[in-house]
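Q: Mind having a look at this structure? Questions to follow.
What follows draws every value from the coordinates through simple rules; no lab data is involved. Computed from a predicted model, the values in this text were never measured in an experiment. Every residue, glycine as well, gets a Cβ built from its backbone with ideal geometry; the counts of neighbours run over all protein chains shown.
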Amino acid sequence: MISPAGSPRESALGRFASPVLLLAAMWVVQLVDAILPLSFTGFGIRSWDLSGLPGIVVSPLLHASWAHLIANSVPFLVLGCLVAVEGARRFWAVTAFSAVIGGLGTWIVNAPGALTVGASGLVFGYFGYTVMRVFAPGRVSHRILYAVIALIVIGLYGGSMLAGVVGVREGISWQAHLFGAIGGGLAAFAGRTSARRA
């Protein structure tokens, strides 16, 4: 199991580089999208369309507008760094779970032909992971620390996360939010083993 501090040989810079680089990639993609005459958003998840399945991989990098990207950036960085505290490998595993499960859920449940882009599925995945890792196997001391972090995160983002799932608004994919959170929650248990010592 990866400890809360990550690998002893992995520096803080190494751990937090992953969410920062992924966010930077989103900004670069948005900049290029704004400069070029074509739009990248067409490469997102197109529900019930087999040609839209590759969008599961790329849709978190794509945003409908600068406002969309800006709205996702701060919670992505905050929650992503909380996941990355456990190490780059854990961060990328949670990212993969959130993207794949969130993307497949969106592809299946959303209306046929609906196009979904944005990193909010990852944001909800990181939220789900941060909350659910309290219940994952591990040392008691680590789980107490996780519980404190989870309570702070719920206090900061719980209301907006709930609204993002049940507060159905036109143009907002509650499917990506819900299934992203499920993916992150499942990632909290992946690769965990019960600890014998507290």
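Q: For a quick size check, give me the Cα extents of the chain along its three principal axes, largest first, whole Å.
A: In descending order, the Cα extents are 56, 32, 30 Å.
Q: Specify which residue in the list Gly113, Phe16, Ser98 is farthest towards the positive end of the charge dipole of the chain, using unit charges on the beta carbon of Lys, Arg (+1) and Asp, Glu (-1), about the Cα centre.
A: Phe16
Q: Here's a follow-up. Just report the Cα centroid separation between region 72-97 and region 138-157, whole Å.
A: First find each Cα centre; the distance between them is then 15 Å.
Q: Now a separate question. Output ³J(HN,Hα) for region 148-159: one whole-Hz value per residue in order, computed from phi by the Karplus curve 6.51 cos²θ - 1.76 cosθ + 1.60 with θ = phi - 60°, and x for Gly and Pro.
A: The phi angles translate into 4, 4, 4, 5, 5, 5, 5, x, 7, 10, x, x Hz.
Q: Return Leu23, Leu38 ranked ascending by Cβ neighbour count within 10 Å, so the fewest neighbours appear first.
A: Leu38, Leu23
Q: Among Phe124, Phe135, Phe43, rank each residue by its count of other Cβ atoms within 10 Å, from fewest to most, as a rough exposure measure.
A: Going from sparsest to densest Cβ surroundings: Phe135, Phe43, Phe124.
Q: Which whole-Hz ³J(HN,Hα) couplings does region 88-98 yield from phi under the Karplus relation 6.51 cos²θ - 1.76 cosθ + 1.60, θ = phi - 60°, glycine and proline marked x?
A: Each residue's phi maps through the Karplus curve to give 5, 4, 5, 4, 5, 5, 5, 4, 5, 4, 5 Hz.
Q: Summing -39500 (n - 2.57) over the DSSP H runs of n ≥ 4 in the chain and dividing by its residue number, what mean residue ellipticity at 222 nm do you reach, to the nearest 500 deg cm²/dmol?
A: The per-residue figure over the chain is -21000 deg cm²/dmol.
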